[in-house]
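Read-outs throughout are calculated quantities, based only on the coordinates presented, and are distinct from any laboratory measurement. Since we're looking at a predicted model, the values are computed, not measured. Backbone-built Cβ (ideal geometry, glycine too); neighbour counts: all protein chains shown.
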Amino acid sequence: MAFLKYTLIRLALFAPLFALFLYLQLGVLLAALCAGMMSFAVSFLFFQKQRDAATATLHHRFSAKPMRSAGEVADAEAEDRLVDENPDIAVRTDNRPKDSRQPGA
């Protein structure tokens, strides 16, 4: 939600500036560049809290571990209990099953 809020703030800054520069007949490209730079500068200087919240939201979204379903969690806990109850069993996760074949082999 913080990312959406910050994006809407930036858009609310950009749109009237773009319209103003078009009204001043700077041309579409130059109006977009000037409005973009000015909206960036204003948001960078005055909306630091919203920008930090937006970046924290994006960081959390893209770096968090994927959530597991209740069934996956229960399955993992059952496997952990089984391994803990049987210390003589060696679990090697780096070996491929014998029935799996690599493509082209």
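Annotation for Leu30 and Thr7: the two label points, set 7 Å from Cα along the Cα-Cβ direction, are 3.1 nm apart.
Spacing of the modelled spin labels on Phe40 and Ala70, each 7 Å from Cα toward Cβ, amounts to 4.8 nm. Counting every pair of alpha carbons in the range 2-63, the share spaced more than 21 Å apart comes to 32 percent. Would you be so kind as to identify all helices of the chain, as entire DSSP H runs, whose Cα atoms reach 27 Å or more along the helix's own axis and whose mean Kyte-Doolittle hydropathy is at least 1.6? Helices meeting the criterion: 2-23.
Tyr6 sits among other residues whose Cβ lies under 10 Å from its own Cβ, and their net charge, with Lys and Arg +1 and Asp and Glu -1, is +3.
Taking the number of other C-beta atoms within 10 Å as the exposure measure, put Ser39, Ser63 in order starting with the fewest. Show your work: numbers first, answer last.
Values: Ser39 20, Ser63 7.
Ordered by Cβ neighbours within 10 Å, fewest first: Ser63, Ser39.
Normalised Debye scattering of the chain at q = 0.20, 0.24 Å⁻¹ gives log10 I(q)/I(0) of -1.07, -1.16, counting only Cα atoms as equal scatterers and leaving out solvent.
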